[in-house]
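**Q** One structure, pasted below without further comment.
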2 protein chains.
Amino acid sequence: MSPKITGELLRLLRQAMRNCKYFSEPIQAYIVPSGDAHQSEYIAPCDCRREFICGFNGSAGTAIITEQHAAMWTDGRYFLQASQQMDNNWTLMKMGLKETPSQEDWLISVLPENSKVGVDPWIIAADQWKNMSKALTSAGHSLVAVQDNLIDAVWTDRPERPSTQLRTLGLDYTGISWQDKITVLRSKMTERKITWFVATALDEIAWLFNLRGADINYNPVFFAYTIVGMNSIRLFVDLQRLSDPGVRDHLQLDSPSKPELSIQTFPYESVYPELQAVCAALGPKDKVWICDKASCALTRVIPKVHRTPIPYTPLCLAKAVKNATEIQGMKMAHIKDAVALCELFAWLEKEIPKGNITEISAADKAEEFRSQQKHFVGLSFPTISSVGPNGAIIHYRPLPETNRTLTVNEVYLIDSGAQYIDGTTDVTRTVHFGTPSVFEKECFTYVLKGHIAVSAAVFPNGTKGHLLDSFARAALWEAGLDYLHGTGHGVGCFLNVHEGPCGISYKTFADEPLEAGMIVSDEPGYYEDGSFGIRLENVVLVVPSKSKYNYRNRGSLTFEPLTLVPIQVKMMNTELLTKKEKDWVNEYHRKCREVVGGELERQGRMEALDWLIRETQPII
Amino acid sequence: MSPKITGELLRLLRQAMRNCKYFSEPIQAYIVPSGDAHQSEYIAPCDCRREFICGFNGSAGTAIITEQHAAMWTDGRYFLQASQQMDNNWTLMKMGLKETPSQEDWLISVLPENSKVGVDPWIIAADQWKNMSKALTSAGHSLVAVQDNLIDAVWTDRPERPSTQLRTLGLDYTGISWQDKITVLRSKMTERKITWFVATALDEIAWLFNLRGADINYNPVFFAYTIVGMNSIRLFVDLQRLSDPGVRDHLQLDSPSKPELSIQTFPYESVYPELQAVCAALGPKDKVWICDKASCALTRVIPKVHRTPIPYTPLCLAKAVKNATEIQGMKMAHIKDAVALCELFAWLEKEIPKGNITEISAADKAEEFRSQQKHFVGLSFPTISSVGPNGAIIHYRPLPETNRTLTVNEVYLIDSGAQYIDGTTDVTRTVHFGTPSVFEKECFTYVLKGHIAVSAAVFPNGTKGHLLDSFARAALWEAGLDYLHGTGHGVGCFLNVHEGPCGISYKTFADEPLEAGMIVSDEPGYYEDGSFGIRLENVVLVVPSKSKYNYRNRGSLTFEPLTLVPIQVKMMNTELLTKKEKDWVNEYHRKCREVVGGELERQGRMEALDWLIRETQPII
């Protein structure tokens, strides 16, 4: 990995910073966040501006360029990678270390008096703008919105914004028409006396219209905005995409069933003037909903007196609670996914002793097996395929220069998932193809106990996910072990593999209470630096639970695993498991055998079936 | 209980609201919060203004009086009591019910345009002022500070502010001199570049100066403020209290050891002008620390540019971590407290069958036994002594009209504690003097399992208490049961029985991480409305724990029970307990027998000793 040479690029960028064509006066610093205009977790190549300017291509990082300096902030996952990818024009700011200044403090320390700090208001969230602006103002500087992106101005070979073909999803996949989703949204707006709603998150727009795209790797979304009023629906998208007759028909563009369900379409870029027009016509009591994580640019179009920022939009909440059709689809997707993984593990077992399997080839093989399954679309995130010490790097992704060979001597961790038209998967298994050490088994068993404690937990309706996080850790804690990540995230249905507003984490972010129909991951782990990593992840469905006393009719919930892939018994120290935990493992394996075994048989994948049957023998 | 007649009082108050002697123009509404100028949880009679104006004497409630209306907001604990104590001049606003408007919304709905809403800025916290003011302003009204309290203006027989004798505590009780506490405080101020610190919480001031008072029932505090600078200590207190030679000597008022440890004393009321004087002399970079829960009046004396509000003061944090001397004192206090409770239970067992023991007489007897112990000062809160259905009322306190007789047929719950010079106690036991029902035993056992799960939990250094809350509920949850209160609160050392900044609760308030030396309660419960209540409460000390792998030297913590009172075996369904839980119970009872048995023997209280020995037989 050699660093990107950035001297000339920085010279051009600094020229642009001084060029009054872009801002009425020269700016002394320019901030380059890593997001896109929709605050997406994964971004398209055309939006990788921070990578373009500094060379660092990790998922999180902010670059700031002044006349004299260039600095890039990222977190502990990426210290090594960033230091290798950036040349010495750049200072690496290691977030989380005591001596590292915040972006604000650093700016204040290096800027001349009364400086202007520029940022593209489309790629900074409204709440981030507010904090940065406050800090700079208190030190006599100001944060200014530069409408043209200055990176784009110097990026001559910038890729086009993707505009992939749209895919329509019928009721057999979505369970509810987009028209009905609009109606439900409007009833929520009426309830809260809201007259307009601005949607900016790509997965919310895809979900609302029952459409999917492929504009961003791993995320079946498309670039769009939408503005919904009580009698108006405005969709902003590359209009060429709407020439497809299937899409036109799906959206009833040519013959709307009712006037209030008629969609007006506009070019993607028109969202700004159209929102201005909407706001210009607002009555004195009109209120507009927008997520507080939406871009500063769009948020500030809405006059403050009309603006009602919300931490989660009604679409985000509605999308999180899957309906019966979506649940059925997610179950099907997970059965197919389990078939592919059973095949993978049976194949690995046979091939590894030959010494030719690497992290990368194993990941490729997993994708190959998955791609043979019906309705396969692609992966849902880059596969984490890691052997031995690489397994201890939580966000590891095998690269040619780090690629290790799988052997019978090291623990293997694979965290992978796929997009199928009927659902999204995300599963982690940790296995040993030889004889695990006593310590590896001990750690694995604590992680398993934590996984079971969450999966089998019964809790009252209205409980927030963060209250379950410690259940996943109790066994590890007792031994003096822990893991430095949350326990679970929301999972979309043929949508983003990470979604809000629910999750299971020690971080007390404002998560919404768990509800029947929500789908989250349950993935405790343990990481022994330089040695091995363990993680056990199932995707689980929140389901009503029958408890003895039922909380005086408040009702209770528990989880049903959707992931049905055997958990390696060889890695367990069964002496550390209680009777209840063993019963859980046996019941889980019985279900894997019944459901996935049936499918393997139907598909005639007999080697994998043999493997499954052997791996699901009851433990005692 | 007959309601207070308030017609004439309200007439006088409304007259005062129109009287420009108090505010430059008439005010249309007046808010009466329930606190005092120090945001104390318990308040002195002279500060019971909300009770005076409306008759309701519960611990939480806010009254608002307009020209036409009078309304009082309180929560579910007090709906019945408030409705009985208030006459029909008042509307009871039941907080937590959907149809109940917030104070802001109600004011906006009833006020004429452009109204002034008055409040005494001394008894509203700065953050509450901010929220209320914002809501009113957005509706065209304004919140105004009325310096003279209007309730006091119409309260002709208002009690005097108490000014009890001050008690000095030597190093054998405090472990650290007030001079050293000042030095530590100043080093924290230097670290954060703070030049002044304003203390307003009474327990913090008592702790800082190693002084105690008796101004407020159950809380050994005294009315005071203090302002600490790098070379200055200003104490605001009724100066008559400082005439005692012991106090003068303790505070070195006549011969300070060093100039920077010389205390300047001022009358209690002078805090306002003195803080003004301090602020007038601030340099441009000077910063003043004040708790964000301090009164609006004092907070607003500090110009915004100098004001650094903090959720917890450094005194609050320092006070929470007990030193070796304080821990030793707390242990001694709990042993004495256990002696008293063993006596109580032995006595109740003998007396109850005679049919003469009531909730009130049992509580009185508990106080009598406690008062025989060395260094007893008083109770630490009103005893909750409750039989059968009264036990299900979480904040029950026996009154003549509710007083039930203890029998062999109902569950008895007693939650009580005392102030000793060496420490503060708070313990709850739930017992049956006859034969408990299967359901009562089942519920008791789940509560016990929760109590043990918290008490025996091992967790890494830096863990916040709220992450442990679900451990207390898991066994109840599994059966479809829950309790609607937190699991634990911080406990002072011969100070307030409730203190911050740590605790164990599902509410994710900004609690500080648990540290070795902190002392909290562990008190899960279960309440069956109309039938019985169960709570099991120990005060526990946070101690370092030896875990197998010690979190890579991050270190781990667990709890050591300070409370040593047997947990009634008769109430347990031992079949529901695991081996580990039974071991915990047996080890706990062994310790009760060893430590408290020794003390009972030393004090010659042989009947109680016999009871203790019988009640601490190992379970199998």
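The values are calculated or read from the model by the stated rules, or taken from the named source; none is laboratory data. Just so it is clear, the model here is predicted, and its values are computed rather than measured. Glycine gets a Cβ as well: all are built from the backbone with ideal geometry, and neighbour counts include every protein chain shown.
**Q** Being touching a helix residue (DSSP H, G or I) at 6+ places or on another chain (Cβ under 8 Å), touching a residue at least 60 places away in the same chain (Cβ under 8 Å) and of a type in the set (Ser, Thr, Tyr) is the filter here; which residues of segment A:352-388 pass it?
**A** Selection gives A:SER386 alone.
**Q** If the requirement is being surrounded by fewer than 24 Cβ atoms within 10 Å (Cβ to Cβ) and touching a residue at least 12 places away in the same chain (Cβ under 8 Å), which of these qualifies: A:PRO544, A:PRO566?
**A** Numbers: A:PRO566 fails: surrounded by fewer than 24 Cβ atoms within 10 Å (Cβ to Cβ).
One residue alone meets the criteria, A:PRO544.
**Q** Could I ask something else about it? Considering (1) assigned to a loop (DSSP other than H, G, I, E, B); (2) more than 22 Å from B:GLY488 (Cβ to Cβ); (3) touching a helix residue (DSSP H, G or I) at 6+ places or on another chain (Cβ under 8 Å), say which one B:ALA346 fails and leave the rest.
**A** (1)
**Q** Quick test for you: out of B:ILE233, B:ILE227, B:ILE263, pick the one residue that is more than 25 Å from the chain's Cα centre (by Cα) and buried (at least 23 other Cβ atoms within 10 Å of the Cβ).
**A** B:ILE233
**Q** If you don't mind, another one. Looking at (1) hydroxyl-bearing (Ser, Thr, Tyr); (2) within 14 Å of another protein chain (Cβ to nearest Cβ); (3) assigned to a strand (DSSP E or B), which is the one condition that is false for A:SER521?
**A** (2)
**Q** Specify which of the listed residues (B:GLN85, B:GLN28, B:GLN39) is over 28 Å from B:ALA297 (Cβ atoms) and touching a residue at least 12 places away in the same chain (Cβ under 8 Å). Before the answer, list the steps.
**A** Numbers: B:GLN28 fails: over 28 Å from B:ALA297 (Cβ atoms); B:GLN39 fails: over 28 Å from B:ALA297 (Cβ atoms).
The unique qualifying residue is B:GLN85.
**Q** Quickly run through segment B:236-247 and pick out the residues that are in a helix (DSSP H, G or I) and surrounded by fewer than 15 Cβ atoms within 10 Å (Cβ to Cβ).
**A** Within segment B:236-247, B:LEU239, B:GLN240, B:SER243, B:PRO245, B:GLY246 qualify.
**Q** May I ask you to say which residue of B:TYR412, B:TYR506 is crowded, with 22+ Cβ neighbours inside 10 Å and either modelled with pLDDT under 95 or not in a helix (DSSP H, G or I) (or both)? Before you say what the answer is, go through the steps one by one.
**A** Working: B:TYR506 fails: crowded, with 22+ Cβ neighbours inside 10 Å.
Result: B:TYR412 is the single residue among B:TYR412, B:TYR506 that is crowded, with 22+ Cβ neighbours inside 10 Å and either modelled with pLDDT under 95 or not in a helix (DSSP H, G or I) (or both).
**Q** Return the only residue of A:PRO353, A:PRO314 being of a type outside the set (Val, Ile, Thr), assigned by the TED database to the domain that holds A:SER187 and modelled with pLDDT of 95 or more.
**A** Details: A:PRO353 fails: assigned by the TED database to the domain that holds A:SER187.
The unique qualifying residue is A:PRO314.
**Q** Select from segment B:440-454 the residues that are in contact (Cβ under 8 Å) with a residue 24 or more places away in the chain, among the hydrophobic types (A, V, I, L, M, F, W, C) and within 13 Å of chain A (Cβ to nearest Cβ) and list them in ascending order. Steps first, answer last, please.
**A** Of the residues in segment B:440-454, the ones in contact (Cβ under 8 Å) with a residue 24 or more places away in the chain are B:440-452, B:454.
In the following step, the residues that additionally are among the hydrophobic types (A, V, I, L, M, F, W, C) were identified as B:443-444, B:447-448, B:452, B:454.
The answer is B:CYS443, B:ILE452, B:VAL454.
**Q** Something else about it: So, of the residues in segment B:455-474 that are hydrophobic (A, V, I, L, M, F, W, C) and more than 17 Å from A:HIS466 (Cα to Cα), which turns out to be farthest from the other protein chains (Cβ to nearest Cβ)? First the steps, then the outcome.
**A** Looking only at segment B:455-474, we keep the residues that are hydrophobic (A, V, I, L, M, F, W, C), and these are B:456-459, B:467-468, B:471-472, B:474.
Still in the running and more than 17 Å from A:HIS466 (Cα to Cα): B:456-458.
Details: B:ALA456: 9, B:ALA457: 7, B:VAL458: 5 Å.
My answer is B:ALA456.
**Q** Identify, from the list A:THR558, A:THR616, the residue that is at pLDDT 95 or above, within 13 Å of chain B (Cβ to nearest Cβ) and surrounded by 17 or more Cβ atoms within 10 Å (Cβ to Cβ). If you could, list the steps in order and put the result at the bottom.
**A** Values: A:THR616 fails: within 13 Å of chain B (Cβ to nearest Cβ).
When all the criteria are applied, what remains is A:THR558.
**Q** Name, by its number, the condition in (1) in a helix (DSSP H, G or I); (2) exposed (fewer than 13 other Cβ atoms within 10 Å of the Cβ); (3) of a type outside the set (Lys, Arg) that does not hold for A:GLY604.
**A** Single failed check for A:GLY604: (1).
**Q** Considering every residue within segment A:33-51, establish whether at least one is β-branched (Val, Ile, Thr), at pLDDT 95 or above and touching a Phe, Trp or Tyr at 6+ places or on another chain (Cβ under 9 Å).
**A** Among the residues of segment A:33-51, not one is β-branched (Val, Ile, Thr), at pLDDT 95 or above and touching a Phe, Trp or Tyr at 6+ places or on another chain (Cβ under 9 Å), which makes the answer no.
**Q** Do we find that B:THR435 is more than 22 Å from the chain's Cα centre (by Cα) and either outside the structural domain of B:GLY329 (by the TED database) or of a type in the set (Ser, Thr, Tyr) (or both) in this structure?
**A** Details: more than 22 Å from the chain's Cα centre (by Cα): yes; either outside the structural domain of B:GLY329 (by the TED database) or of a type in the set (Ser, Thr, Tyr) (or both): yes.
In short, yes.
**Q** Could I ask something else about it? Quick one: B:GLU587 ticks every box in (1) touching a strand residue (DSSP E or B) at 6+ places or on another chain (Cβ under 7 Å); (2) free of Cβ contacts under 8 Å to residues at least 60 places away in the same chain; (3) more than 14 Å from chain A (Cβ to nearest Cβ) bar one, so which box is it?
**A** (1)
**Q** From A:ALA214, A:ALA206, grab the single residue that is closer than 19 Å to A:CYS493 by Cβ and surrounded by fewer than 21 Cβ atoms within 10 Å (Cβ to Cβ). Before you say what the answer is, go through the steps one by one.
**A** On the way: A:ALA206 fails: surrounded by fewer than 21 Cβ atoms within 10 Å (Cβ to Cβ).
Testing whether each residue is closer than 19 Å to A:CYS493 by Cβ and surrounded by fewer than 21 Cβ atoms within 10 Å (Cβ to Cβ) leaves just A:ALA214.
**Q** Can you report the number of residues in segment B:76-98 which are at pLDDT 90 or above and of a type outside the set (Phe, Trp, Tyr)?
**A** 13
**Q** Right, another one. Out of the residues in segment B:475-495 that are part of a helix (DSSP H, G or I) and within 7 Å of another protein chain (Cβ to nearest Cβ), which is nearest to B:CYS316 (Cα to Cα)? I'd like the intermediate steps shown before the answer.
**A** Filtering segment B:475-495 down to residues part of a helix (DSSP H, G or I) leaves B:475-478.
Adding the requirement that they be within 7 Å of another protein chain (Cβ to nearest Cβ) leaves B:477-478.
On the way: B:TRP477: 34, B:GLU478: 37 Å.
Once the filter is applied, the top-ranked residue is B:TRP477.
**Q** Do we find a residue being free of Cβ contacts under 8 Å to residues at least 12 places away in the same chain, under 30 Å from A:SER547 (Cα atoms) and not basic (Lys, Arg) anywhere in segment A:415-429?
**A** So in segment A:415-429, the residues free of Cβ contacts under 8 Å to residues at least 12 places away in the same chain come out as none.
The answer is no; no qualifying residue exists.
This table checks each residue for (1) outside the structural domain of A:PHE439 (by the TED database); (2) farther than 19 Å from A:LYS464 by Cα; (3) surrounded by fewer than 18 Cβ atoms within 10 Å (Cβ to Cβ); (4) under 12 Å from the mean Cα position of the chain (by Cα).
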| site | (1), (2), (3), (4) |
| --- | --- |
| A:ASP482 | no, yes, no, no |
| A:GLU515 | no, no, yes, no |
| A:GLU523 | no, no, no, no |
| A:TYR526 | no, yes, no, no |
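**Q** I'd like to know if segment A:356-375 contains one or more residues that are under 22 Å from the mean Cα position of the chain (by Cα), surrounded by fewer than 16 Cβ atoms within 10 Å (Cβ to Cβ) and not assigned by the TED database to the domain that holds A:LEU80.
**A** yes
**Q** Only one of (1) surrounded by fewer than 17 Cβ atoms within 10 Å (Cβ to Cβ); (2) under 29 Å from A:ARG167 (Cα atoms) is not met by A:ALA281, so which one is it?
**A** (2)
**Q** Now a separate question. Among (1) aromatic (Phe, Trp, Tyr); (2) in a loop (DSSP other than H, G, I, E, B); (3) modelled with pLDDT of 95 or more, where does B:TYR22 come up short?
**A** Checking B:TYR22 against (1) aromatic (Phe, Trp, Tyr); (2) in a loop (DSSP other than H, G, I, E, B); (3) modelled with pLDDT of 95 or more, the one that fails is (3).
**Q** Moving to a separate point now. Testing B:SER531 on (1) among the hydroxyl-bearing types (Ser, Thr, Tyr); (2) within 14 Å of chain A (Cβ to nearest Cβ); (3) surrounded by 20 or more Cβ atoms within 10 Å (Cβ to Cβ), one condition comes back false. Which one is that?
**A** (3) is the only condition that B:SER531 fails.
**Q** Look at segment A:429-467 and say how many of its residues are surrounded by 24 or more Cβ atoms within 10 Å (Cβ to Cβ), in a strand (DSSP E or B) and touching a Ser or Thr at 6+ places or on another chain (Cβ under 9 Å).
**A** 1
**Q** Being within 23 Å of A:GLY391 (Cβ to Cβ) and touching a Pro at 6+ places or on another chain (Cβ under 8 Å): is that true of A:ASN573 here? Step through it out loud before you land on a result.
**A** Details: within 23 Å of A:GLY391 (Cβ to Cβ): yes; touching a Pro at 6+ places or on another chain (Cβ under 8 Å): no.
No, not satisfied.
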